[in-house]
1. Need one number: % antiparallel among DSSP beta bridges in the protein assembly as shown, to the nearest 5.
2. What does the C-alpha gyration tensor say about the overall shape of the range B:19-163? Classify as rounded when a/c is under 1.5, otherwise prolate if a/b is larger than b/c, or oblate.
3. Return the sequence-ordered ³J(HN,Hα) values of the range B:51-58 in whole Hz as given by the Karplus equation 6.51 cos²θ - 1.76 cosθ + 1.60 applied to θ = phi - 60°, using x for Gly and Pro.
4. Taking amide H positions as placed in the peptide plane 1.01 Å from N, state which residues far from A:Trp259 in sequence (5 or more) or on other chains have amide H under 5 Å from it.
5. Can you tell me what percent of all Cα-Cα pairs in the range A:121-267 are more than 17 Å apart?
6. Take every residue in peptide A:101-111, count the Cβ atoms of other chains within 10 Å of its Cβ, and give the average of those counts.
7. Would you pull out the residues with amide H under 5 Å of B:Ser38's amide H, same chain only if 5 or more places away, H placed 1.01 Å from N?
8. Tell me which residues come under 5 Å, amide H to amide H, from A:Lys199 once H is placed; ignore anything under 5 positions away on its chain.
Amino acid sequence: MADGGHARSIPVLKVTTTRACWMGCAFCDFATPVPLRNPGRVAAAIAPHQLPPSWPREELVKIRGGLTVTEPFGYFVNLVRRIRHRTASPIQAFSAVELDHHHRVERRPVHELLSLLRDAGATNLGPGGGEWLIDPIRQQLSPYRLPAQRWLEIAVLAADNGISPAGLVGVAPFVDEEAMDTHLTALLQIRQLAHVVVKPFRPAGTKLAMFAAPHLLTVASIIEEIRRRRPSLPIYMSGTAIGEDGRWLLVNRGLTAFWDTVLEVGP
Amino acid sequence: MTQPLYWVPTLLLPAGQDGSWHAQRFLRWHGGRGHVVSGGPPPSGPGSRATLVPQSGQVWHAALEALAPDLDSGPVDLCLPCPPAPGTEIWQDLTRAVRRYPLRRLIVKRPAMTPLCQIDDALKGMTEAFAGAEIWLDWRTIGQEAIAYLAAKYPQVQLDNVPDDGLHQLISLAAALHRPLCLTDFSGRPPVELPAPAQPALPRIPVAPLHHAPVKHQWL
C-alpha cells in the first residue's frame, strides 16, 4: 500500500538479448522484424563483454528479447550464468515464447531447457510480451505465437522445474471485459505463479497504432480485479511514463510495486 | 442516468485587448458553446461570460485573496489553491467567502509540489463542509493522473479549464468512468452530448504457412 504518498519502487537491471524477431506480432513495439524467408544478415545477440563492469544496485534482473535466428540456447544459458556470478538478485529470464522457439528449433524437451536455465541461476520465467490467453486474439494479433494452452503448460512445467513463472496482464482497448475475464481465469489458475506483471498497451510504433492507450483508471480497475481474485499475489508494473500521482493511484488500488529500470544493456 | 462529465471550452482574454474577434471565432469553433473569461468588458455573442474584475451584471472570476469583506459583487467563480485542511487560514477565508458571496463555482487549483493525498483530503473536507457547492478541478494545474483519481472518487466534481488538445484525454476519462461527455457552458442552454468515438477494428495479419522457425541452421 502507499507509504506516506509514495509507491514502492524496485530497481531493475534490464538485459536485452536481441531485438531481432521473426514473429511480427501486431502489438509489439520492441522487435526489429526478421523476414520469414531468407532471414539474411541479422544483428548478433548481446555478447558477454557488453555487460558493463559494474551497474547500479538492482533488486531484479530481467532478461528479455526477441527471437534469435542465429544463436543457440546454450549461448543464452551462458549469459544467465555470467550474470548470476555478479548478483544475488532474482533473475527473470526469457519466457514461454522463447523456450518454445528454442524447443522447436533445437528439438530439445522444454523441461531440459528449463533445467539448464535454473542451473545457470535463473529464478523466474518471464511472462512474455503480449500473452492474452485467448486463442482467437492470439491468432489475430500474433498468429505464429504458441497457443494459450501451450503457454500454460510451459508455465506449469517451469514451476515443476524450480523456476517460478510470471504472468502478464496486458491492458488494451481491443481486449474487452469478457476477454479479460477469460484471460484472468486462465492465468490465475496457475497456483505457482510468482507474480503478475500488468502492462498497459503502447500503441505507438506497432501495427495497432490506430488504437488509443488504455486509460489509467482502466489499468487501475484491472489491478483491483487481480487483487480481488488473488489477494496475496504480487502485482508489478513498469514505472516508465507513470508520474507520482499515477503511482499513488495504482498502489492504492492494489499494485505491489513499480519496476524502475536503473540500467538497460543490450546488443 | 449517470452524472455527465462536462467539457466547457474556456477562452481567457487578458485585460487591454478587444477580444471580440477571438471570442467570436473561439465560440464558432465550438458550435456556439464556450466560456469566455475577459480582463476587460466582456465581448457579446453566444456562450457564457465571466470577468477578471468585478463588473455589474457579470460573473466575477476571482481568486480567493481578491475577495474583500466590504466588496459587493454578483455571482462569483472562486479560484482557490487547494486548502490543506479545515482549520487553516485558507480554509477560514474560504468559509467566510462562501457565507459572504453568491458563489457559482469553487474552482480548485493545485499549488506546485502539493501531494495528491493532500488534495484528496481537502476535497473530502470541501465536499462535506460545502455540500451543494459546485466544485470544479483545474485541469492544467492538477494534472492528468490526479484528475483521473479525483474524478473517479468524487463523481460530483467537474473539470475546469480543459484545453482543446486535452479533449482526447477527457474522452478517454469519460469512457473509463462510464460517464457521458457533454459540451456545455454557463449560458443556460442545454448541454450537447458528445458521441463516443468509434473503436477501430483489429487488422488482419497476413499469415504464411510456416513449417519451421526461420533460423540459420549452422549451429544445429
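The values are calculated or read from the model by the stated rules, or taken from the named source; none is laboratory data. This one's a predicted model, so the numbers in the text were calculated from it and none came from an experiment. FYI the Cβ positions are ideal-geometry reconstructions off the backbone, even for glycines, and counts take in every protein chain you see. Keep in mind that these areas ignore ligands, DNA and RNA; they rest on the heavy atoms of the full protein, side chains included. Shrake-Rupley method; radii C 1.70, N 1.55, O 1.52, S 1.80 Å.
1. The antiparallel fraction comes to roughly 5 percent.
2. Oblate, because a/c is 1.5 or more while a/b does not exceed b/c.
3. 10, 7, 10, x, 9, 4, x, 10
4. Close amide H contacts, sequence-distant or interchain: A:Ile10, A:Met237, A:Ser238, A:Gly239.
5. 63
6. Partner-chain Cβ atoms within 10 Å, mean over residues of A:101-111: 2.
7. B:Leu13, B:Ala50, B:Thr51, B:Leu52
8. HN-HN under 5 Å from A:Lys199: A:Val169, A:Gly170, A:Val171.
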